Amino acid sequence: MNIILLGPPGAGKGTQSQRLVEKHGMRQLSTGDMLRAAVKAQTPVGIQAKAVMDAGELVSDTIVSALISDELASMGNDVGAIFDGYPRTEAQALMLDEILQQHGRTLAHVIELEVNEDALVERITGRFTCASCGKGYHDKFERPKQEGVCDRCGGTEFKRRPDDNEETVRTRMAEYRAKTAPILPVYEARGIVSRVDGMADIDAVTDSINAILEG
Ligand code: ADP
Ligand code: ADP
Ligand code: ZN
C-alpha cells in the first residue's frame with residue numbers, strides 16, 4: 001500500500017510516519033530527511049538545497065522527485081511507501097504519478113492532517129529528534145519517558161533543525177498554502193482523500209489513520 005501524508009509543517013506527518021513504519025513495516029520517504037542528509041554529506045544536491053531550506057522555500061521539483069525515484073528503486077515491491085512531505089507542488093504530484101507507474105505502484109490514500117495554524121509555531125519551535133535514531137520528540141507534547149534518554153534507542157544526544165524557528169515557519173506555512181494545498185483537489189477527484197483531525201492527541205491521530213488504512 002502506498003500513501004501520502006499531507007499537511008503543513010508541524011502537522012504531524014513525520015510523527016505518524018514513524019508509527020506506521022513500526023506498526024505496518026512500511027517505508028517512510030521523507031524528502032525533508034533526504035535533503036537534510038544531502039546537506040550533511042555536502043553532496044551537489046545538498047550544497048544547492050541548503051540556502052533554500054534555510055529560507056523555508058521549496059527546493060526544485062526535479063531534485064526532490066529524483067530523490068523519491070531513487071529511493072523507490074532501492075525498495076522491494078512488497079514494501080508500502082509513506083510519502084511524507086512529498087509531493088508539495090502540482091508539478092511534483094504529476095511526477096509522482098509517473099514514478100509510481102514506472103514501479104507498478106498505485107496510491108491507496110492521501111491523508112490530510114487538518115490542523116489549526118496557530119498551533120503550528122509552538123509545535124515546530126518545540127520539536128527535537130534523537131541524534132542517533134531520528135525519533136521525533138516535543139518539549140511539551142512528547143517528551144522522552146526518561147529525561148534526556150531516547151525511548152527507542154537509549155541515545156542521549158538530541159538535535160534541533162536550524163529551520164525550526166518562528167520566522168522560517170511563517171514562510172513554510174505560506175509556501176504550503178500557496179503551492180501544496182492546491183494539489184488536494186487533484187486527488188479528491190480520484191476519490192482517495194481522507195481527512196484526519198491533526199489537533200487531536202498523537203495517539204488519537206494514529207488511531208484515525210490506522211482506521212483509514214484498515215477500512
Ligand atoms: P516540515 O517539517 O516543515 O514538513 P520537511 O522536513 O518536510 O519540513 O522539509 C524541510 C524543507 O526541505 C522544506 O522547507 C523545503 O525547503 C525542503 N523540502 C522538503 N521536501 C520538499 C519537497 N517535496 N519539495 C520542495 N522542497 C522540499
Ligand atoms: P511534520 O513532519 O508534519 O512537520 P512532526 O511530526 O515533526 O510534523 O511534528 C511536529 C512537532 O509536533 C513534533 O515535535 C511532534 O512531537 C509534535 N506533534 C506531532 N503531532 C502532534 C499532536 N497530534 N499533538 C501535539 N504535538 C504533536
Ligand atoms: Zn533514538
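Throughout, read-outs are computed from the coordinates displayed, never taken from laboratory work. This is a predicted model, so every value here is computed, not measured. Here the Cβ is made from the backbone with ideal geometry for all residues, glycine too, and neighbour counts use every protein chain on show.
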(request) Calculate the length of the line joining the C-alpha centroid of the stretch 87-165 to that of the stretch 1-19, in whole Å. (result) 6
(message) Could you tell me the center-to-center distance, by alpha carbons, between the stretch 177-215 and the stretch 45-84 in angstrom?
(response) 21
(message) Relative contact order for the stretch 1-55: what percent, with Cα pairs under 8 Å and sequence separation of 6 or more?
(response) 16
(message) I'd like the Karplus ³J(HN,Hα) series for the stretch 22-38: coefficients 6.51, -1.76, 1.60, θ = phi - 60°, whole numbers in Hz, and an x wherever there's a Gly or Pro.
(response) 5, 7, 10, x, 7, 10, 8, 10, 9, 5, x, 4, 5, 5, 5, 5, 5
(request) Any chance you could get the radius of gyration and Dmax over the Cα atoms of the stretch 1-100, in Å? (result) 13.2, 37
(message) If you wrap a convex hull around the alpha carbons of the chain, what volume per residue comes out, as a whole number of Å³?
(response) 121
(message) Charges at C-beta only: +1 for Lys and Arg, -1 for Asp and Glu. How large is the resulting dipole of the chain about its Cα centre, in Debye rounded to 20?
(response) 420
(message) 5 Å is the cut-off here: which amide hydrogens, built 1.01 Å from N in the peptide plane, fall below it relative to residue 158, excluding neighbours closer than 5 in sequence?
(response) 131
(request) Rank 164, 203, 61 by mean-square fluctuation in a GNM of the chain with C-alpha springs under 10 angstrom and give only the top-ranked residue. (result) 203
(request) Could you name the lysines whose alpha carbon sits less than 25 Å from that of residue 145, not counting residues in the same chain fewer than 8 places away? (result) 13, 23, 135, 159
(request) Mind checking the full-extension length gain between residue 48 and residue 211? Use 0.36 nm per residue of separation minus the Cα-Cα distance, one decimal, nm. (result) 54.7 nm
